[in-house]
Amino acid sequence: MSSVSTQEIKKEFLKSKLGLTGVFILSGLILVSIITISVIPASTFQEWNNPEKWISYPKTSVPSWVNFLSSDKIPEHKIINPEIFQSQENGIFLTSQQFGVSFDYDDFPSDFIFEMKTKYADSHIVQIKVIRPDGITLELLSTSLPHSDNETIHNQRYFSTDSMIKKNLNTYKNDFGFDFKIGSTEIIFSELYQNQIQKGNYIFIVDIYGIEKPVEILESKMVLGGKAYGLMGTDELRRDLAIGLLWGTPLALFIGISVSIGSVVVGLIYGVYSGYKGKKTDEVMMRFNDVIYALPALPFLIILAVTISNSIFLMIGFLMIFSWVGIAKVSRSMSLQIKTRQYIEAARIMGQKDSKIIFRHILPQLLPYAFASIAISVPAAITTEAGLSFLGLGDPSFPTWGQILHDANTYGAAAQGFWWWIVPPGILIAITGLAFVFIGNALDAIVNPKLKR
Amino acid sequence: MGLKRYLVTRGLTMFGVLMITLLLTISLVGSNMDTILKQGIIYQVRAEITENTTIAQGFNDPEEFEKFVQQKIDERVKTLGLDTPWYSPQRLGYTMYKILILDFGNATFLTSDSGSSNVGEIIFEKMPKTILLFTTATIIISIIGILLGAASSNKIGSKTDRITSTFAVISSSFPVWWIGMLMIFVFAFVYQIFPARATPSIEPDEPGYILALLYHMALPVITIVLIGFGAWAYLVRNFMVGIMQEDFITAKKTIGISKKKIVYSHALRNAAPPIVTILALSLSGSLGGAIITEAVFDWPGMGRLYFEAISVMDLPVIIGSTYILTVLFLVSIFIADLLYGYFDPRVRTSS
């Protein structure tokens, strides 16, 4: 037991390399959390389990930075916004949307989709064509927007898998030197003489002709389906893993820190009170402590999550139930030592209330120990929560790292080699744990000088 | 005398814990259990009546028929004692008594490999496999840990010592099941050395079964050992460092006994009590973690059984496994207590 002053702890802590590393990592994580909360709108992660939200994302694609490491460039998934031109000639209004794609990858894109939200009345004709790097223009689709007498808002999607596109491409059959029994994208992005990728700039043009009034484009984009996307890739359900991983950071910190603070506060007060009171009270309280200590935590947490609720806030409470016990034991023995000191005796003789003695004279002495235990017990809370989530018992409205791993496991990510789905969440769990272990160990070494060599 | 009293108090506490665990489990799943049982009765009664067409023909009015069915159901519910809620003292007492004598009833969905749906049989079929996996892993961990710990305490601040300490801190931050996923990814799919599923594909009565079991066990054991031994080595090292500062060691040093001999024979012997105690405790701790580890590796033990029972809400199996897991957990804590009390006489008298 020590009575190290805050000043000394600070001084000693700044000398500890390990502790500073921990603080450095932790500040990084906090920074990431702050940026995530303020930059990424909360709606994106609330819709984590809503497949509709992720429809224009690619399925299980590798992180796009993989292209920097390998010589074969994997086509990136691109969401392209158009340049819109409007013109009028002989009473015909032309609205032209041009999507420029610079394509220099070593594999064909998987597909492409045009998505637009338009506002119009009457009939409008839609023509889609592509100008390839070799100057050839391919007409892809001629169709019309559904007729409407009144002004309406209409959502339209054109898929590259549309059989009409294939049919139109068949008219160019004689220009190409290979068999056309392949997908449309593989024809469009191919060289003439051989079915090989033609690299360069493609311009996709969607022309809409109207007679009386031009169509109004409210939203429009082209999705060029690739096999690489974003910072962290996507999963089987097309979700952008970067968003899940980023949102996981504040969640993990929140779970870990609140569980550890909660259990340390409860354990500290419980232990100190038990030790200070002594006799029967101590005996009864320590028996109760033994009971909780001997409960198998994980089976119980599972039953609690299944039968009561898997809400994240209740889960934090459940985790606290099982983690205050050890701290209570240690703080009890510490308070047993402190209470024999003369100033405590003096305070008691002076007639101070028990609560005052505990909060004024005993607890402050245990504060350094308390801070060390808070830091040390964070990783266990994070890994336990991750473990429960991994078993599929997590709160579905808050995507944690454990849940990402759960999904990876259910979709057989290991078997299919989706490393980007398995590796980052685990590393993040470990890094977060390490930060707190470093800080905790450094504090512990100061508080318990015995452990120092 | 002191040891006896100590053990009796501990034993009584353990029994109390067991009862509380049981009570908690039953009260958590009790209401669900009742609904499921009642639904089962309704289903059963209706099936019996529809099978026997003569009963249905005896009624002209469908309302009257419905009444008759309801009456049958109520009768059945009453004979099974389900008309009183699960928390009524006699039902609670009866349920607890049944579980205490290891009569867990029949599982709702799960069956044992031999096809029996008796919960006791299912559990006792899976238990040896869990014990086999975790005892093997714990023994390997402790051997590596003790040797490495002693080696690094022999030369504090050396390269071995620093690497061990660093490895201990880093390895214990990774969740075992995540390392498990990585190991499966690397050693079962990228390099196809080990099988991905730890359940042997051969039937238990075929000759090569034990070999197949060991082969399938390799990847889980390697993973558990990899994550566990660092922390063990660190622990042993810290015990040893403490003992090496004791007076009798200093005395031995001054006599001129070689440091190596002091570390490996004198100090290690004195560090044995806490080490053995923690060994027993870590074995019990790993049992809880078995649920996740076995789920990852698909190891056919108690943990996977528990996980499966949870996912289909097979309540008799959940109650039975929780009870058995608690018993195992308490037994190992008790053994740890026993060893601790035996090795360290201070424990017996201080309370």
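Where a number appears in this text, it was derived from the coordinates with a stated rule and is not lab data. As the structure is a prediction and not an experimental result, all values here were calculated from the model. When we count neighbours, we look across all protein chains shown, and the Cβ atoms used for this are built from the backbone with ideal geometry, even at glycine.
Tell me, what is the Rg over Rh of the stretch B:192-232, with Rh the Kirkwood radius over Cα pairs?
1.10
I want to verify the translational diffusion coefficient of the protein assembly as shown in µm²/s; compute it with Stokes-Einstein, Rh as the Kirkwood radius over Cα pairs, at 20 °C and 1.002 mPa s. Mind showing how you got there, number by number?
Working: Rh = 31.7 Å.
Stokes-Einstein gives a translational diffusion coefficient of 68 µm²/s.
Averaging sequence separations of C-alpha pairs under 8 Å and six or more residues apart, then dividing by the length of the stretch B:183-299, give the relative contact order as a whole percent. Walk me through the numbers on the way to the answer.
Working: 63 pairs, mean separation 32.6, N = 117.
For the stretch B:183-299, the relative contact order is 28 percent.
With the convex hull built on the Cα atoms of the stretch B:1-87, state its orientation-averaged projected area in nm². Walk me through the numbers on the way to the answer.
Numbers: hull surface 32.1 nm².
For the stretch B:1-87, the mean projected area of the Cα convex hull comes to 8.0 nm².
Hey, what do the phi angles of the stretch B:36-53 turn into as Karplus ³J(HN,Hα) couplings, whole Hz, using 6.51/-1.76/1.60 and θ = phi - 60°, x for Gly and Pro?
5, 4, 5, 4, x, 5, 4, 4, 5, 4, 4, 4, 4, 5, 5, 5, 8, 5
Give A:Lys59/A:Lys117; A:Lys329/B:Lys261; A:Lys167/A:Lys227; A:Lys17/A:Lys356; A:Lys11/A:Lys280 a once-over and call out the pairs whose C-alpha atoms are over 32 Å from each other. Please list the in-between numbers first.
Values: A:Lys59/A:Lys117 24 Å; A:Lys329/B:Lys261 37 Å; A:Lys167/A:Lys227 26 Å; A:Lys17/A:Lys356 38 Å; A:Lys11/A:Lys280 42 Å.
Table pairs above 32 Å Cα-Cα are A:Lys329/B:Lys261; A:Lys17/A:Lys356; A:Lys11/A:Lys280.
Take chain B, connect every pair of alpha-carbon atoms lying under 10 Å apart with a spring to form a Gaussian network, then pick out the residue of B:Thr138, B:Thr250, B:Thr326 with the largest mean-square fluctuation.
B:Thr250
Starting from 0 in steps of 20 Å, tell me what percent of the Cα-Cα pairs of chain A lands in each bin.
Calculated over all Cα pairs of chain A, the distribution is 20, 37, 24, 15, 5, 0 percent.
When you take every Cα atom in the stretch A:361-453, what is the radius of gyration, and what is Dmax, the widest Cα pair distance, in Å?
17.6, 60
Considering only B:Ala271, B:Thr50, B:Ile26, whose Cα is most displaced toward the positive end of the charge dipole of chain B, charges sitting on Cβ of Lys, Arg (+1) and Asp, Glu (-1)?
Towards the positive end, the residue furthest out is B:Ala271.
In peptide B:298-307, what is the residue-averaged number of other protein chain Cβ atoms found within 10 Å of each Cβ? Before the final figure, lay out each step's value.
Details: counts 0, 0, 0, 0, 1, 2, 0, 0, 5, 3.
Mean shielding count: 1.
Among B:Val263, B:Val331, B:Val312, whose mean-square fluctuation peaks in a Gaussian network model of chain B (Cα, cutoff 10 Å)?
Per the Cα network of chain B with a 10 Å cutoff, B:Val312 tops the list.
Is the shape of the stretch A:135-183 best called rounded, prolate or oblate, per the rule: a/c under 1.5 gives rounded, else a/b larger than b/c gives prolate, else oblate, with a ≥ b ≥ c the square roots of the Cα gyration tensor eigenvalues? Can you show the working numbers first?
On the way: a/c = 3.63, a/b = 2.69, b/c = 1.35.
Taking the square roots of the gyration eigenvalues as a ≥ b ≥ c, the stretch A:135-183 is prolate.
List the relative contact order of the stretch A:91-189 as a percent without decimals, with contacts defined as Cα pairs under 8 Å and 6+ residues apart.
Numbers: 120 pairs, mean separation 29.9, N = 99.
For the stretch A:91-189, the relative contact order is 30 percent.
A:Thr410 versus B:Leu214, label points 7 Å from Cα toward the beta carbon: distance in nm?
3.9 nm
For the pair A:Ile136/A:Glu83, report the inter-label distance in nm, with labels modelled 7 Å from Cα in the Cβ direction.
It is 2.5 nm.
Using +1 on the beta carbon of Lys and Arg, -1 on that of Asp and Glu, and nothing else charged, what's the dipole of the protein assembly as shown about the Cα centre, debye to 20? Walk me through the numbers before you get to the answer.
Values: 65 positive and 65 negative charges, 1156 e Å.
The dipole magnitude comes to about 5560 debye.
Taking the Cα centre as origin and putting +1 on Lys and Arg beta-carbons and -1 on Asp and Glu beta-carbons, what dipole magnitude results for chain B, to the nearest 20 debye? Working shown, then result.
Numbers: 27 positive and 26 negative charges, 552 e Å.
Its charge dipole is roughly 2660 debye.
Mind listing the phi-derived Karplus ³J(HN,Hα) values for the stretch A:288-304, rounded to whole Hz, using 6.51, -1.76 and 1.60 with θ = phi - 60°, and x for any glycine or proline?
4, 4, 4, 4, 4, 4, 8, 6, x, 5, 5, x, 5, 4, 5, 4, 4
May I ask you to compute the full-extension gain from B:Phe59 to B:Lys38, defined as 0.36 nm times their residue separation minus their alpha-carbon distance, rounded to one decimal in nm? Numbers along the way, then the final one.
Details: separation 21, 0.36 × 21 = 7.56 nm, distance 2.51 nm.
My answer for the length gained is 5.1 nm.
Round to the nearest 0.05 the FRET efficiency obtained for B:Leu132 and B:Asp83 when R0 = 45 Å and r is the Cβ-Cβ distance. Present the calculation step by step, with values, prior to reporting the outcome.
Details: r = 45 Å, r/R0 = 1.00.
Efficiency for this residue pair is about 0.50.
Would you mind telling me which residue in B:Pro89, B:Pro200, B:Pro128 has the biggest mean-square fluctuation in a Gaussian network model of chain B, where springs connect alpha carbons within a distance under 10 angstrom?
Largest GNM mean-square fluctuation: B:Pro89.
At 7 Å along the Cα-to-beta-carbon direction for both A:Ser102 and A:Lys181, put a label point, then send me their distance in nm to one decimal.
Result: 3.8 nm between the two label points.
Using the beta-carbon distance between A:Gln196 and A:Leu237 and R0 = 35 Å, what value does 1/(1 + (r/R0)^6) give for FRET efficiency, to the nearest 0.05?
Working: r = 33 Å, r/R0 = 0.94.
Result of the calculation: an efficiency of 0.60.
Of A:Leu14, A:Asn50, A:Phe24, which is farthest along the charge dipole of the stretch A:1-122 in the positive direction, counting Lys and Arg as +1 and Asp and Glu as -1 at C-beta?
Of the candidates, A:Leu14 comes out farthest on the positive side.
Fully extended, how many nm does the chain gain between A:Phe254 and A:Asn49 (0.36 nm per residue separation, minus their Cα-Cα distance)?
Using 0.36 nm per residue and subtracting the Cα-Cα distance, I get 71.7 nm.
Let a ≥ b ≥ c be the square roots of the eigenvalues of the Cα gyration tensor of the stretch B:72-132; is it rounded (a/c under 1.5), or, if not, prolate (a/b larger than b/c) or oblate?
Working: a/c = 4.11, a/b = 1.86, b/c = 2.20.
Judged from the Cα gyration tensor, the stretch B:72-132 comes out oblate (a/c at least 1.5, b/c at or above a/b).
Before anything else, pin down the relative contact order of chain B: Cα pairs under 8 Å, at least 6 apart, normalised by residue count, whole percent. Present the calculation step by step, with values, prior to reporting the outcome.
On the way: 363 pairs, mean separation 83.9, N = 351.
Relative contact order comes out at 24 percent.
Please say if the stretch A:38-148 is rounded, prolate or oblate, where rounded means a/c under 1.5 for a ≥ b ≥ c the square roots of the C-alpha gyration tensor eigenvalues, and otherwise the choice is prolate for a/b larger than b/c and oblate otherwise?
Working: a/c = 2.54, a/b = 1.37, b/c = 1.84.
It comes out oblate by the Cα gyration axes.
Using unit Cβ charges (K, R positive; D, E negative) and no other charged atoms, how large, in debye to the nearest 20, is the dipole of the stretch A:344-453 about its Cα centre?
660 debye
Taking only Cα atoms of the stretch A:102-168, what ratio of Rg to Rh do you get with Rh as the Kirkwood inverse-distance radius?
The Rg/Rh ratio comes out at 1.05.
On full extension of the chain, what length is gained from B:Arg162 through B:Thr111, given 0.36 nm per residue of separation minus the C-alpha to C-alpha distance?
Values: separation 51, 0.36 × 51 = 18.36 nm, distance 4.99 nm.
Answer, rounded to one decimal: 13.4 nm.
State the Kirkwood hydrodynamic radius of chain B in Å, one decimal place, computed from all pairs of distinct Cα atoms.
On the way: mean 1/r = 0.0413 Å⁻¹.
Result for chain B stands at 24.2 Å.
What FRET efficiency would be calculated for the residue pair A:Phe359, A:Ser38, taking the C-beta separation as r and a Förster radius of 60 Å, to the nearest 0.05? Mind dumping the intermediate values first?
On the way: r = 37 Å, r/R0 = 0.62.
According to the calculation, E is roughly 0.95.
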